[in-house]
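Down below is the structure, laid out as structure tokens.
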Amino acid sequence: KGEPFLKLVEPPYVDSVDWAKWHVFWLDERVVPKDHADSNYKLAYDNFLSKVPVPPGQVYAINDALSAEGAADDYEACLKRLVDAKVLDLSAATGFPRFDLLLVGMGPDGHVASLFPGHPLLNESQRWVAFIKDSPKPPPERITFTFPVINSASNIAMVITGSSKAEPVRRALGGDDKSTDLLPVQMVAPKEGETTWFLDKGAFSSL
Ligand SMILES: O=C1O[C@H](COP(=O)(O)O)[C@@H](O)[C@H](O)[C@H]1O
């Protein structure tokens, strides 16, 4: 996951980044302990954050001692405190937080973050961070940024690998999708930002 960004931990890139300016968040997280094999924090820490000097106080993991509801409330409150402290901007267009860059993956079913096809959370319009307890992909309990937050970002990097993702990539980018229900990946449409797609041969193979 996020393979192109792993180059950043290697020379010459690692020395060309001002890591002290970074604040790192999770677009979605599974409600499991931070050292659990399913933890997105663990994935990012093991492969990326343990290798670069981002100040630990600027790495915002979820509170894994809380329930899914509690962790979503706590993460949203954390974002609101960072807006008050002027660490995080609000989008003038939407009133939701405006992240500089979101690194977004996609599942073979077209889900992004923990926003799954046909789930009521796709229509969440008020919350910044929501919880889900019936994720069709295990583990079932997660928290996730909502679409208003995703679509307020300045830049979105869609990083998608593997032929199992070719069909939803085709629906999103092929320009000939006649389906009436949009896949979550088709709902990624930043209002004032730019989306860049990073696809390997497998993910690109139906285009
Ligand atoms: O569960 C999740 O799945 C997607 C995609 O995962 P992949 O294993 O099919 O690459 C991911 O982007 C999301 O953030 C994650 O929590």
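The values are calculated or read from the model by the stated rules, or taken from the named source; none is laboratory data. What you are looking at is a predicted structure, and each value in this text was computed from that prediction instead of being measured. Cβ coordinates were reconstructed from backbone atoms using ideal geometry, including for glycine residues, and neighbour counts include every protein chain displayed. These accessible areas exclude ligands, DNA and RNA; they are computed on the full protein's heavy atoms, side chains included. Shrake-Rupley method; radii C 1.70, N 1.55, O 1.52, S 1.80 Å.
Summary table below
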read-out	value
Hey, Ser125 without any contact (Cβ under 8 Å) to a residue 40 or more places away in the chain and either in contact with a Lys or Arg (Cβ under 8 Å, 6 or more places away or on another chain) or not basic (Lys, Arg) (or both) or not	yes
Selection count, the stretch 142-184, where residues are farther than 24 Å from Leu79 by Cα and more than 10 Å from the ligand (Cβ to nearest atom)	19
The stretch 14-35 - residue that is more than 13 Å from the ligand (Cβ to nearest atom) and in contact with a helix residue (DSSP H, G or I) (Cβ under 7 Å, 6 or more places away or on another chain) and, of those, most open to solvent (accessible area, probe 1.4 Å)	Asp35
Whichever residue in the stretch 75-93 is in contact with a Leu (Cβ under 7 Å, 6 or more places away or on another chain) and outside any loop (DSSP other than H, G, I, E, B) and, among such residues, is farthest from Asp38 (Cα to Cα)	Val83
Selection within the stretch 3-37 - basic (Lys, Arg) and assigned to a helix (DSSP H, G or I)	Lys7, Lys21
Boolean, Tyr41 is buried (at least 17 other Cβ atoms within 10 Å of the Cβ), free of Cβ contacts under 8 Å to residues at least 24 places away in the same chain and either within 13 Å of the ligand (Cβ to nearest atom) or in a helix (DSSP H, G or I) (or both)	yes
Matching residues in the stretch 94-130 - criterion: being in a loop (DSSP other than H, G, I, E, B), of a type in the set (Gly, Ala, Ser) and surrounded by 13 or more Cβ atoms within 10 Å (Cβ to Cβ)	Gly105, Gly107, Gly110, Ala113, Ser114
Hits in the stretch 154-168 - residues which are hydrophobic (A, V, I, L, M, F, W, C) and in contact with a strand residue (DSSP E or B) (Cβ under 8 Å, 6 or more places away or on another chain)	Ile156, Ala157, Met158, Val159, Ile160
Members of the stretch 131-156 that are without any contact (Cβ under 8 Å) to a residue 60 or more places away in the chain, assigned to a strand (DSSP E or B) and among the aliphatic types (A, V, I, L, M)	Ile156
Residue within the stretch 48-57 that is away from the ligand (no atom under 14 Å from the Cβ), assigned to a loop (DSSP other than H, G, I, E, B), open to solvent by 40 Å² or more (accessible area, probe 1.4 Å) and of a type in the set (Val, Ile, Thr) present	no
